[in-house]
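Participant: Okay, handing you the structure first.
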Amino acid sequence: MLTVLVIVFLCGAAVGATTMRAYLHARMFPMPEQHAIEQARRYGLSHLKTELNLTPKQESTITQILDNYGKYYETLEDQRDDVAEVGRQHILDTLNDKQKKRFNKIFAEKH
């Protein structure tokens with residue numbers, strides 16, 4: 001029983017640390033260049049075009065940059081979800097049937 005609690009605690013700590021690093025730190029303390037690209041993405045191409053008086057070539061290039069950034073970000077999110085699922089599956093592989101049911105119940109309650 002103690003082993004299960006330790007495993008659950010360690011998994012929770014790992015998920016918490018990953019979330020803190022990936023989500024909160026990225027939003028609270030972005031690197032200047034990340035901050036600029038994220039703000040540009042949120043601001044929108046139409047506003048950038050107007051405010052910066054972009055040429056058609058510049059608009060095309062910036063569109064591609066913002067699209068690539070969006071795809072890159074989505075890929076990172078998918079990878080993070082995959083890693084979390086692999087970790088969860090490894091935990092389940094370690095548990096007996098009764099523990100698996102309890103683990104899944106605990107996990108369902110948290111989300």
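The values are calculated or read from the model by the stated rules, or taken from the named source; none is laboratory data. Computed from a predicted model, the values in this text were never measured in an experiment. So basically every Cβ, Gly included, is an ideal-geometry build from the backbone, and we count neighbours across all protein chains shown. Each accessible area value is taken on the protein alone, full model and side chains, heavy atoms only, with ligands, DNA and RNA left out. Shrake-Rupley method; radii C 1.70, N 1.55, O 1.52, S 1.80 Å.
Participant: Let me know the volume per residue of the alpha-carbon convex hull for region 44-111, in Å³.
Facilitator: Dividing the Cα hull volume of region 44-111 by its residues yields 88 Å³.
Participant: In whole Hz and in residue order, list the ³J(HN,Hα) couplings for region 74-79 that follow from phi through the Karplus curve 6.51 cos²θ - 1.76 cosθ + 1.60, θ = phi - 60°; x for Gly and Pro.
Facilitator: Those phi angles translate into 4, 4, 4, 4, 4, 5 Hz.
Participant: Highest mean first, how do 51-59, 97-105 rank when packing is the count of other Cβ atoms within 10 Å averaged over residues? Let's see the in-between values first.
Facilitator: On the way: 51-59: 11.0, 97-105: 12.7.
Top to bottom by mean Cβ count within 10 Å: 97-105, 51-59.
Participant: While we're looking at this one, here's another question. At a probe radius of 1.4 Å, what is the per-residue accessible area of ASP81, in Å² to the nearest 10?
Facilitator: Taking all protein chains as shown, ASP81 has close to 90 Å².
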